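Worksheet: the structure to be examined is printed underneath.
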Amino acid sequence: MTSFTKPHIRRKNEPVNKLGLVRADYDGAMSTLCAGCGHDSVTASMARAFFELSIEPHRAVKVSGIGCSSKTTAYFLREAHGNNTVHGRMPSVATGAVAANSALTYIGVSGDGDSLSIGLGQFVHAMRRNVNMLYVLENNGVYGLTKGQFSASADLGSLAKRGAPNEMPPIDPVSLALSVGATFVARGFSGDREQLVPLIKAGLKHKGFGLIDVISPCVSFNDHKGSTKSYAHTYQYYHKAVHADYVAPSKDIKVCYDEGEIMPVEMHDGGVIRLRKLEKGFDPRDRAAAMSALANAQKNDEILTGLLHIDETHPDMHALNKMEDRPLNEIPYAELNPGAAKLHDLQKGFR
Amino acid sequence: MSEAAINDFVIKLANVNGTGSASANGLLMKAIFRMGVPVVGKNVFPSNIQGLPTWYEIRVTEKGYRGRSGDVHFIVAMNAETYERDLAELSPGGVLLYDNTWPRPHFLTRPDIQVLGVPFARLCNDAFKAARSRILMKNMAYVGTVAALLNLDLDVIHQLVREMFSTKPKLIDLNLQAIALGYDYAKEHFDCPLPFSVQSRDNTAGKVMIDGNTAAGLGCVYAGATFGAWYPITPSTSLMDAFAKYCDQLRVDVDTDLHKYCIIQAEDELAAAGMIIGAAWNGARSFTPTSGPGISLMSEFIGFAYYAEIPMVLFDIQRVGPSTGMPTRTQQCDIQLCAYASHGDTRHLLLFPADPGECFEMAVQAHDLAERFQTPVFVLSDIDIGMNDWMVDELTWDDSYQPDRGKLLSTEELEKIEKFHRYLDVDGDHIPYRTLPGTHPKGAYFTRGSGHNKFGGYTEDGQAYKEVVDRLRAKWHSAASKVPAPVISPSKKKACCGIISVGSCDGAVLEARDRLEAEGLHLDYMRIRGFPFSDEVEQFVADHDEIFVVEQNRDAQLMGLLLLETDVPREKLIPILHYSGEPLDYQFVYSALQEAARVRKIA
Ligand SMILES: Cc1ncc(C[n+]2csc(CCOP(=O)(O)OP(=O)(O)O)c2C)c(N)n1
Ligand code: SF4
Ligand SMILES: [Mg+2]
């Protein structure tokens, strides 16, 4: 089996973005996932977000771990470099890549197995470091690729395909992210692109680590009755707390907001995220509020979605390490080489 | 065993760790070095912060031998816990110096040695008020006594004290006072100097005293590395400390305070490996220093870098295993681990420095080779090289050096070519071209550790898979002539037998060989410096009837590698193995070679 490339045909009057590219220019190889898999919808949303933001495909970088979810970086942005690393270790590769060249846009794709079991340590530490990337966790409550074992995100009492209940409490990536100080924390659903595409756009524009936990059902192993990560269950308990729209930098950005209805968050690139409150008294700029809203939702069996927390003020990894803007991989050797005379000087203390 | 003589003896200092003895002992060694007499220093320390025994051994060797000798002629016994062991180790005719504030009559059980007592504790208690000074100054007091007994140049010592405390000038007088206490006491009570002592020479001109980790960290700076990731582990930590120190000195913009480098202390070695892979994949020269336990953890990533062809530079400062082992003791026990690290058919490039000078050079070569061959490269140092100060030629640099970035396509080059395929052997040299993210839409490819064909596409086709892994093996093999060549030191007369050794064994092996030669046993000697083995290694093996393989591990790992990777028949190779964790001494090698030669009737 080799990978296929999707046919690349342009329709008449097809919408183009600022770069003159059409949506299909953001496609990748043909997906090899099961028909109906949530991950394919997330792939489409990611491609659309890049298209709408008019990011040059080759200026993006895709990184992933191992799993059905992690495979999907091959299925969008064919003109971007991809790095399908090893199981659970994408965050470290992403950290090194971002350190080497901060001028590109980084998107990481992972699964609940990849991020919450084998990769829990790296996942948490990338958030603590505030690596400037968007991390999309395609959460289906199971290990898809190894055929349906429970993952650490499986809810208490959720039933496996053969009927056995999960008896251990879940790790909720969103609560975890809030507790370790992640600076952009959101939850979406593969079945709701209206909500997901703007979230991805906002996350890509956020300076620092952005997490989107996307409920993305596995039709082959976890979409049956009794599963809390099925399409049916998610639709039933889905609760939108807040809607986020990213507005690119422009002249008319300074429109007046009706406080209480719309909450603006200024971004590093000069753009703005407009948060539309769907829930009374909930302000995602306040981490403690986000945590309590989440706890309440859990109590009521609601799946709280939307941009749940954002903090644009916390320094990212580059700022924390006092790195200059120029990417490390562009510093000419002449600037890095201290030279022979200096080497002689440096050894004075060794004599 | 050899007699102590002027500029040819060993002094061993037995201390309790955490009492400030390390700097006093370093000062003694540096003073002798500055008097123009070559020294070999070995620090044997515990995996502990305070209270356990630690020894510092200084070999004074006018002839400039580079290894330990195995003798102890003069012991400064400052640790009551180890008195018995220290007493037993002293060569007949030796001198024992101890703190006789508390008399130790049992020292007199050895009539063949000379025991000298100085009441260091009492002298310091009388002279200093602060409790901490009383402990610390005992060290400087014995420095004074040793200086008197060995005829060390006091001006040199005073100058060293001034340099040592240049940032804390208040401490200078205190330390000089303590030195004088010990010095004057010795002059008054003993016949100074001892029959063996130090006489100034001019044998250290152009030399420096530096440890291998500092040299390797400096090498990474000169190689143009801009990214390093690590997880703290003895004995590799000081390598990253050195890199950080030099970057801080040399790569911070004075006006903006912004850095031209990034160092990340990772959450574990797995993450450190992933980070340097990510940075190298994205075009920044990067590296990680670690030790055996770290390599074990990094193995999955090492296989990924090998198969996906990503440059990776690892420094393994070897320590005694297995498992946590003896973290502060030295061995060469990761040779086979590193040669084939990771599951599946993997094989890597190894560089074996023998001293800090080579650590510096090989740090640079490792970065060049990793990018040229797009693969993991290991620099296999050890505690002895990494953490002891060695006397080596001053490090030098060729200002015309340019990093070898390997077959890396630029935006302009990508513009010109029709189509880019990541794993295609375009030039017939087994090395494909690589591209960096962000350079050009044509350069994009999907990096994966899963099966891929020569175009970079996913595959589960056996033929397409084999084509790639066969090329990888050929690529690896082609590096044999590019890794550092072995150093061959022929015997003065034609020899039918030889010695093969590696890394920090060098000094002891050379000395043993020379001494045996003087007694009529002629052996050629080859020190291996790189893996894959080059034609010269094959030739040396073919040219000798019997070969002694000297190395520091239990399982004859280098010998095993020779058996696997060359045509040498098993019966030709005779292992000589040292694995107690202490740096190798020539007497061990000498006796083992002599005995093996006798058994085999080699003349
Ligand atoms: C070191 C290692 N152990 C185990 C595996 C096998 N494995 C592959 S994918 C996977 C689980 C993936 O689950 P998840 O991240 O949830 O992805 P999904 O397939 O559900 O999208 C496992 C255990 C592996 N690839 N590597
Ligand atoms: S097994 Fe599940 S997660 Fe994997 S592709 Fe199929 S539906 Fe998607
Ligand atoms: Mg999953």
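Among A:61-71, B:76-86, how do they line up from the highest to the lowest mean number of other beta-carbon atoms within 10 Å?
Going from most to least packed, we get A:61-71, B:76-86.
Once the piece of chain linking B:Glu188 and B:Glu81 is laid out straight, how much longer is it, given 0.36 nm per residue of separation minus the C-alpha distance between them?
Working: separation 107, 0.36 × 107 = 38.52 nm, distance 2.89 nm.
Full extension of this stretch gives 35.6 nm more.
For B:Tyr401 and A:Gln149, FRET efficiency with R0 = 45 Å and r from the beta-carbon atoms, rounded to 0.05?
It comes out at approximately 0.25.
If you take the beta carbon distance between B:Ala474 and B:Ser296 as r and set R0 to 35 Å, what does 1/(1 + (r/R0)^6) give as a FRET efficiency, to the nearest 0.05?
Details: r = 28 Å, r/R0 = 0.81.
After rounding, the FRET efficiency stands at 0.80.
Can you tell me the 0 to 90 degree angle between the C-alpha axis of helix A:90-100 and the longest principal axis of chain A, rounded to 10?
The angle comes out near 30 degrees.
Bin width 5 Å, alpha-carbon pairs only: give the P(r) of the range B:210-393 as whole percents, running from 0 to the bin holding the largest distance.
Whole-percent P(r) values from 0 Å outward: 2, 9, 19, 23, 23, 14, 7, 2, 1, 0, 0.
With Cβ to Cβ distances under 14 Å as the rule, what net charge do the other residues near B:Thr82 carry (K, R +1; D, E -1)?
Neighbourhood net charge equals -3.
Report the gain in length on full extension from B:Asp153 to B:Glu519: 0.36 nm times residue separation, minus Cα-Cα distance, nm rounded to one decimal.
Stretched out fully, the B:Asp153 to B:Glu519 stretch lengthens by 128.1 nm.
Could I have the simple spin-label model distance between A:Lys299 and A:Glu56, label points 7 Å from Cα toward Cβ, reported in nm to one decimal?
My value for the distance between the label points is 5.2 nm.
How much length, in nm to one decimal, is gained on full extension between B:Ser481 and B:Glu460, taken as 0.36 nm per residue of separation minus their Cα-Cα distance?
Full extension of this stretch gives 4.2 nm more.
With a 10 Å Cβ neighbour count serving as the proxy for reagent exposure, in which order, fewest first, do B:Ser534, A:Ser216, B:Ser2 appear?
Values: B:Ser534 20, A:Ser216 32, B:Ser2 15.
In increasing order of surrounding Cβ atoms, one gets B:Ser2, B:Ser534, A:Ser216.
In a Debye calculation with equal point scatterers on the alpha-carbon sites of the range B:487-599 and no solvent, what is log10 I(q)/I(0) at q = 0.16, 0.19 Å⁻¹?
Evaluating at q = 0.16, 0.19 Å⁻¹ gives log10 I(q)/I(0) of -0.65, -0.95.
Using the C-alpha gyration tensor of the protein assembly as shown, what are the square roots of 5 times its eigenvalues, in whole angstrom, with the largest one first?
Values: eigenvalues 706, 220, 124 Å².
Working from the Cα gyration tensor, I get semi-axes of 59, 33, 25 Å.
Please work out the ratio of the alpha-carbon Rg of the range A:231-351 to 2.2 N^0.38 Å and round it to two decimals.
1.77
What is the distance, in nm, between label points placed 7 Å from the Cα along the Cα-to-Cβ direction at B:Thr256 and at A:Glu330?
Placing both labels 7 Å along Cα→Cβ, they lie 1.1 nm apart.
Using the 10 angstrom Cβ neighbour count as an exposure proxy, how do B:Thr256, A:Thr73, B:Thr167 rank, fewest first? Intermediate results must be reported in sequence, preceding the final value.
Values: B:Thr256 9, A:Thr73 29, B:Thr167 6.
Fewest to most other Cβ atoms nearby, the residues stand as B:Thr167, B:Thr256, A:Thr73.
Enter the mean number of other protein chain beta carbons within 10 Å of the beta carbon of each residue in A:332-342, as an integer.
Average neighbour count from other chains, rounded to a whole number: 6.
In the neighborhood of A:His39, defined by Cβ-to-Cβ distances under 13 Å, what is the net charge if each Lys or Arg adds +1 and each Asp or Glu adds -1?
Residues close to A:His39 contribute a combined charge of -3.
How much mean residue ellipticity at 222 nm does the protein assembly as shown get from its helices, if each DSSP H run of length 4 or more adds -39500 (n - 2.57) and you divide by all residues, to the nearest 500 deg cm²/dmol?
Estimated from H runs of four or more residues: -10500 deg cm²/dmol.
Give me the Debye-computed log₁₀ of I(q)/I(0) at q = 0.12, 0.15, 0.18, 0.19 Å⁻¹ for the range B:8-189, equal point scatterers on Cα only, no solvent, two decimals.
-0.53, -0.86, -1.28, -1.43
Taking loop as defined by DSSP and a crowding limit of 10 other beta carbons within 10 Å, which trypsin sites (Lys or Arg not before Pro) in the range A:158-240 fit? Walk me through the numbers on the way to the answer.
Numbers: sites: A:Lys161, A:Arg162, A:Arg187, A:Arg193, A:Lys201, A:Lys205, A:Lys207, A:Lys225, A:Lys229, A:Lys240; in loops: A:Lys161, A:Arg162, A:Lys207, A:Lys225, A:Lys229.
Taking the range A:158-240 and a limit of 10 other Cβ atoms within 10 Å, the loop trypsin sites (Lys or Arg not before Pro) found are A:Arg162, A:Lys225.
Using R₀ = 35 Å, calculate the FRET efficiency as 1/(1 + (r/R₀)^6) where r is the Cβ-Cβ separation of B:Ala5 and A:Lys342; round to 0.05.
0.30
If you average the C-alpha positions of the range B:561-603 and of the range B:1-60 separately, how far apart do those two centres end up, in angstrom?
Computed from Cα coordinates, the inter-centre distance equals 29 Å.
Expressed as a rounded percentage, what relative contact order does chain A have, with Cα pairs under 8 Å and six or more residues apart?
Here the relative contact order equals 15 percent.
How many partner chain Cβ atoms sit within 10 Å of a residue's Cβ in peptide B:451-461, on average, as a whole number? Show your work: numbers first, answer last.
On the way: counts 1, 2, 2, 0, 2, 1, 7, 8, 3, 2, 2.
So the per-residue partner count for this stretch is 3.
List, largest first, the extents of the alpha carbons of the range A:23-325 along their principal axes, each in whole Å.
Taking the Cα atoms of the range A:23-325, the three principal extents are 57, 43, 36 Å.
Take the alpha carbon gyration tensor of the range B:253-338, find the square roots of its eigenvalues, order them as a ≥ b ≥ c, and report rounded if a/c is under 1.5; if not, report prolate when a/b exceeds b/c, else oblate.
Note, shape of the range B:253-338 comes out oblate.
Over the alpha-carbon set of the range B:411-481, divide Rg by the Kirkwood Rh and report the Rg/Rh ratio to two decimals. Each step should come with its number before you reach the end.
Numbers: Rg = 13.0 Å, Rh = 13.1 Å.
In the range B:411-481, Rg relative to Rh is 0.99.
Give the Rg (one decimal place) followed by the Dmax (whole number) of chain B, computed from C-alpha coordinates and expressed in Å.
Rg and Dmax of chain B, Cα atoms, are 26.6, 88 Å.
Between helix B:154-164 and chain B, what is the angle of the helix's C-alpha long axis to the longest principal axis, kept within 0 to 90° and rounded to the nearest 10?
Approximately 50 degrees, to the nearest 10.
To the nearest 10 degrees, how steep is helix B:269-281 against the longest Cα principal axis of chain B, on a 0 to 90 scale?
The answer is roughly 50 degrees.
Going by C-beta contacts inside 10 Å, put B:Lys601, A:Lys147 in order with the fewest on the left.
Least crowded to most crowded, the residues run B:Lys601, A:Lys147.
Can you give me the distance in nm between label points at A:Lys12 and B:Asp535, each placed 7 Å from the Cα along the Cα-to-Cβ direction?
In this crude label model, A:Lys12 to B:Asp535 measures out at 6.9 nm.
Please find, in a Gaussian network model of chain A (springs between Cα atoms separated by less than 10 Å), the residue of A:Ala334, A:Ala202, A:Ala248 whose mean-square fluctuation is greatest.
Largest GNM mean-square fluctuation: A:Ala334.
Principal axis lengths of the range A:149-255 from Cα atoms, whole Å, largest first?
57, 28, 21
Just checking the output field for A:344-350: average partner chain Cβ neighbours within 10 Å of each residue's Cβ? Intermediate values should be presented prior to the final figure.
Values: counts 4, 0, 8, 8, 1, 4, 15.
So the per-residue partner count for this stretch is 6.
Along the Cα-to-Cβ line of B:Cys496, 7 Å from the Cα, sits a label point; which residues in the range B:516-547 have backbone N less than 12 Å from it?
Counting backbone N atoms under 12 Å from the label point, the list is B:544-546.
Quick note: the coordinates plus some simple rules give every number you see, no bench work behind them. This one's a predicted model, so the numbers in the text were calculated from it and none came from an experiment. Neighbour counts run over all protein chains shown; Cβ positions are idealised from the backbone, glycine included.
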